[in-house]
1. Using only the alpha-carbon atoms, how far is helix 2-15 inclined from the longest principal axis of the chain? Give it as 0 to 90 degrees, nearest 10.
2. Using only DSSP helix segments of four residues or longer, with each worth -39500 (n - 2.57), what per-residue ellipticity at 222 nm results for the chain after dividing by its residue count and rounding to 500?
3. Please identify, among Ala37, Ala13, Ala22, the residue showing maximal mean-square fluctuation in a Gaussian network model of the chain using a 10 angstrom Cα cutoff.
4. Expressed in nm to one decimal, what extension gain is obtained for the pair Phe15 and Arg29 from 0.36 nm per residue of sequence separation less their Cα-Cα distance?
Amino acid sequence: METLINVRNVLWAFFGVGRRSAASDQLARGKPVVLIATALVLAALFGLTLWGLANVAVHSLSG
């Protein structure tokens, strides 16, 4: 359950959604290393998704 809370917090930070008081509360409760690791994993997944979609688009146009 803690993992889902970290994912939600990181996604809110990515999109800039949420109040400043809630963000400081989350940082006080969460471990910074875990939040950074979660952010890196989610950013990598986002990048790989975009890369995969671009490959599909290029291959569908050339074939």
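1. Approximately 70 degrees, to the nearest ten.
2. -29500 deg cm²/dmol
3. Ala22
4. Computed gain between Phe15 and Arg29 is 3.0 nm.
Read-outs throughout are calculated quantities, based only on the coordinates presented, and are distinct from any laboratory measurement. Remember, it's a predicted structure, so these values are computed and weren't measured experimentally.
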